[in-house]
Amino acid sequence: HDTVLNRDVALKLMHAQYARKPEFQQRFLNEARVAAQMDHPGIVKVHDYRQDQNYLYIVMEFIAGGNLSQMLQNLKAKQQWLGQREAVQLVRQVGTALDYAHRKGVLHRDIKPANIMIKPEPAGDLPYQPVITDLGLARLGEGLGLTQTGISMGTPSYMSPEQALGKPTDARSDVYSLGILLYELAVGQLPFKANTISEAIALHSKQPPPPPRSLRPD
């Protein structure tokens, strides 16, 4: 709770092993500055950046709803799923927010349900507003020895082939991940279930996904 401005906020706290590295601190500040420039209803707002002794964190807008991953899990538990119209509208809104970020020169690199918050406010034809979080944070460890050489951060099941291979990426990589999300929302499961980078490389670069209609005839 922000006692000065009397509002609830969300904090993204970095692990101390990273926060102590001067080069990481500078990268983190740069990413926080970029994220703070974003002004779109579909992207979480960054209020502040703080460094306090061994603590390094950003202060963000607090969104009262859960994330899309939790929403989908709750639907599955009730043996329910999104209708096609709702799925398309949700992905369209996320796509609009991504397009805004791309035009500002910012990539996300880790689009997945857990990084999409569900704000309990109507937006367009939806009774809620999907909001992208962690914009740009997925690349903080690149070039600092925090990940293995040639391996990108991200989530294997949603990775584009070039990202899984550790190659340079551009906006099309985010669009690929968004396509995986649309597939999942449409049929109720991922096209590929990759648990490791090696599985992601093999599946996303060589294996065609099952036709959606083969899983849901409607």
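The values are calculated or read from the model by the stated rules, or taken from the named source; none is laboratory data. None of the values given here were measured: they were computed from a predicted structure. Neighbour counts run over all protein chains shown; Cβ positions are idealised from the backbone, glycine included. Each accessible area value is taken on the protein alone, full model and side chains, heavy atoms only, with ligands, DNA and RNA left out. Shrake-Rupley method; radii C 1.70, N 1.55, O 1.52, S 1.80 Å.
Could you give every pair whose Cβ atoms fall below 6 Å, whose first residue belongs to the range 164-183 and is farther than 16 Å from P208 by Cβ, and whose second residue is modelled with pLDDT of 90 or more and of a type in the set (V, I, T), counting only separations of at least 6 or pairs across chains?
Qualifying pairs under 6 Å: D174/I111; S177/I111; L178/I111; L182/V91.
Output the number of the condition that P130 fails; it satisfies all remaining conditions of (1) of a type outside the set (A, V, I, L, M, F, W, C); (2) modelled with pLDDT under 95; (3) touching a strand residue (DSSP E or B) at 6+ places or on another chain (Cβ under 6 Å).
Of everything listed in (1) of a type outside the set (A, V, I, L, M, F, W, C); (2) modelled with pLDDT under 95; (3) touching a strand residue (DSSP E or B) at 6+ places or on another chain (Cβ under 6 Å), P130 misses just condition (2).
Name every residue in the range 62-72 that is out of contact with any strand residue (DSSP E or B) (no Cβ under 6 Å at 6 or more places or on another chain) and either part of a helix (DSSP H, G or I) or open to solvent by less than 30 Å² (accessible area, probe 1.4 Å) (or both), in order of residue number.
S69, Q70, L72
Restricting to the range 23-53, and then to whatever is open to solvent by less than 60 Å² (accessible area, probe 1.4 Å) and not in a helix (DSSP H, G or I), can you tell me which residue is modelled with the lowest pLDDT? Even if it seems obvious, please write down each step before you answer.
Initial filter on the range 23-53 (open to solvent by less than 60 Å² (accessible area, probe 1.4 Å)): 24-25, 28-29, 31-32, 34-36, 38, 40, 42-44, 46, 48-49.
Those left that are additionally not in a helix (DSSP H, G or I): 38, 40, 42-44, 46, 48-49.
On the way: M38: 91, H40: 96, G42: 97, I43: 96, V44: 94, V46: 91, D48: 90, Y49: 87.
Among those residues, the one meeting the criterion is Y49.
Return the residues of the range 76-88 that are more than 27 Å from Q163 (Cα to Cα) and either within 16 Å of the chain's Cα centre (by Cα) or open to solvent by 30 Å² or more (accessible area, probe 1.4 Å) (or both); say none if nothing qualifies. Steps first, please.
Taking the range 76-88 and keeping what is more than 27 Å from Q163 (Cα to Cα), we get 76-86.
K76, A77, K78, Q79, Q80, W81, G83, Q84, R85, E86 - these are the residues of the range 76-88 that are more than 27 Å from Q163 (Cα to Cα) and either within 16 Å of the chain's Cα centre (by Cα) or open to solvent by 30 Å² or more (accessible area, probe 1.4 Å) (or both).
Are any residues in the range 174-207 surrounded by fewer than 17 Cβ atoms within 10 Å (Cβ to Cβ), within 19 Å of the chain's Cα centre (by Cα) and charged (D, E, K, R), and if so, which ones?
K193 - this is the single residue of the range 174-207 that is surrounded by fewer than 17 Cβ atoms within 10 Å (Cβ to Cβ), within 19 Å of the chain's Cα centre (by Cα) and charged (D, E, K, R).
Among the residues of the range 158-173 satisfying the criterion of being part of a loop (DSSP other than H, G, I, E, B) and under 20 Å from L98 (Cα atoms), which is modelled with the highest pLDDT?
If we filter the range 158-173 for residues that are part of a loop (DSSP other than H, G, I, E, B), which is where we start, we get 159-160, 165-170.
Filter once more, so that each one left must be under 20 Å from L98 (Cα atoms): 159-160, 168-170.
Working: M159: 86, S160: 88, P168: 88, T169: 89, D170: 92.
Among them, the one singled out is D170.
In this structure, does D2 turn out to be out of contact with any helix residue (DSSP H, G or I) (no Cβ under 6 Å at 6 or more places or on another chain), of a type in the set (D, E, K, R) and over 27 Å from P156 (Cα atoms)? Spell out how you get there, then give the answer.
Numbers: out of contact with any helix residue (DSSP H, G or I) (no Cβ under 6 Å at 6 or more places or on another chain): yes; of a type in the set (D, E, K, R): yes; over 27 Å from P156 (Cα atoms): yes.
So D2 fits the description; yes.
Being without any contact (Cβ under 8 Å) to a residue 60 or more places away in the chain and closer than 15 Å to P127 by Cβ is the filter here; which residues of the range 60-73 pass it?
Within the range 60-73, A64, G66, M71 meet the criteria.
For every residue, the table says whether it meets (1) in a strand (DSSP E or B); (2) farther than 22 Å from K76 by Cα; (3) at pLDDT 90 or above; (4) not β-branched (V, I, T).
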{"residue": "I111", "(1), (2), (3), (4)": "no, no, yes, no"}
{"residue": "G143", "(1), (2), (3), (4)": "no, yes, no, yes"}
{"residue": "Q148", "(1), (2), (3), (4)": "no, yes, no, yes"}
{"residue": "S152", "(1), (2), (3), (4)": "no, yes, no, yes"}
{"residue": "V175", "(1), (2), (3), (4)": "no, yes, yes, no"}
{"residue": "Q189", "(1), (2), (3), (4)": "no, no, yes, yes"}
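Of the residues in the range 1-22, how many are modelled with pLDDT under 90 and part of a loop (DSSP other than H, G, I, E, B)? Please lay out each step first, then the result.
The initial filter retains those residues of the range 1-22 that are modelled with pLDDT under 90, namely 12-22.
Adding the requirement that they be part of a loop (DSSP other than H, G, I, E, B) leaves 14-15, 20-21.
Number satisfying all stated conditions: 4.
Check V106, V91 and return the single one that is assigned to a helix (DSSP H, G or I), open to solvent by less than 50 Å² (accessible area, probe 1.4 Å) and out of contact with any His (no Cβ under 7 Å at 6 or more places or on another chain).
On the way: V106 fails: assigned to a helix (DSSP H, G or I).
The match here is V91.
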